[in-house]
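Encoded as structure tokens, here's the structure I'll be asking about.
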Amino acid sequence: MKRIVIFSSGSGSNAENIINYFKNSREILVTHVLSNNKKAKVFERCKRLKIEASLFSKNDFYENDVVMKFLLAKADFIILAGFLWKMPINIIDAFPNRIINIHPALLPKFGGKGMYGMNVHKAVKEHNEKETGITIHYVNENYDEGATIFQAKTEILPNDTPEQIANKVHLLEYKYFPKIIKNILLGNE
Ligand code: GAR
């Protein structure tokens, strides 16, 4: 059994989708959700889904080994699903090629610090892009720069608003992220 811990900073719709996808799996188990944001909607989702969820502080993440110890006990793989803090290097080193992020654009475009959620979709709109999409990638010490695992594209129509672009990207995330996670985790047997 491969154990996943999901990190989420906000709504958690991807976290919910992943939890549902693996709920009857005999090979992959979502053991826990971690969040840095006490107001994150993901906590309500986890309560409803009966998945354990915990809040952690900046100190527990960057200054002491509380989160690190937790992960060593609970996770084989770490999934970042709308998580907005940079992963500390000690956690990256402890989980080589075992931390996977989803980014709501076609990296290397529209990545880097500050490029998350609606900021990404607004920037895509401002640049009059004809297409956008998702990038699933390994996490390294720089924002959005780890090796790409998978990309999928969607067309942008001239009148699409940033919200409509976000909806199109979310549909790609829901369709592909759990499947790619499954391929990676079970491909490593
Ligand atoms: C998702 O679109 C995800 O790709 C994005 O945040 C959203 C979270 O939505 N992640 C980033 O922007 C990371 N740079 P969710 O909380 O409903 O899953």
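Mind listing just one residue for me: the one in the stretch 10-28 that is of a type outside the set (F, W, Y) and closer than 16 Å to I100 by Cβ and, of those, farthest from the ligand (Cβ to nearest atom)?
For the stretch 10-28, the residue satisfying everything is I28.
Examine the stretch 53-65 for a residue that is over 15 Å from the mean Cα position of the chain (by Cα), surrounded by 19 or more Cβ atoms within 10 Å (Cβ to Cβ) and among the aromatic types (F, W, Y), and state whether such a residue exists.
yes
A follow-up question, please. If you take the residues in the stretch 115-132 that are assigned to a loop (DSSP other than H, G, I, E, B) and near the ligand (Cβ under 9 Å from one of its atoms), which one is surrounded by the fewest Cβ atoms within 10 Å (Cβ to Cβ)?
Among them, the one singled out is M115.
Just one of Y138, Y143, Y116 is at pLDDT 95 or above and either in contact with a strand residue (DSSP E or B) (Cβ under 9 Å, 6 or more places away or on another chain) or not basic (K, R) (or both); which is it?
That would be Y138, the only listed residue that is at pLDDT 95 or above and either in contact with a strand residue (DSSP E or B) (Cβ under 9 Å, 6 or more places away or on another chain) or not basic (K, R) (or both).
Also, I was wondering about something else. Of all residues being touching a residue at least 12 places away in the same chain (Cβ under 8 Å) and charged (D, E, K, R) in the stretch 24-55, which is nearest to M68 (Cα to Cα)? Just the residue, please.
E52
In addition: Right, N142: under 26 Å from N37 (Cβ atoms) and part of a helix (DSSP H, G or I) or not?
So N142 fails the test.
Please work out if K50 is within 16 Å of the ligand (Cβ to nearest atom) and among the basic types (K, R).
No.
Whether any residue in the stretch 178-188 is part of a helix (DSSP H, G or I), polar (S, T, N, Q) and within 24 Å of K39 (Cα to Cα) is what I want to check.
no
The values are calculated or read from the model by the stated rules, or taken from the named source; none is laboratory data. Values in this document were obtained by computation on a predicted structure and should not be read as measured data. Neighbour counts are summed over all protein chains in view; Cβ atoms, including those assigned to glycine, are modelled from backbone coordinates with ideal geometry.
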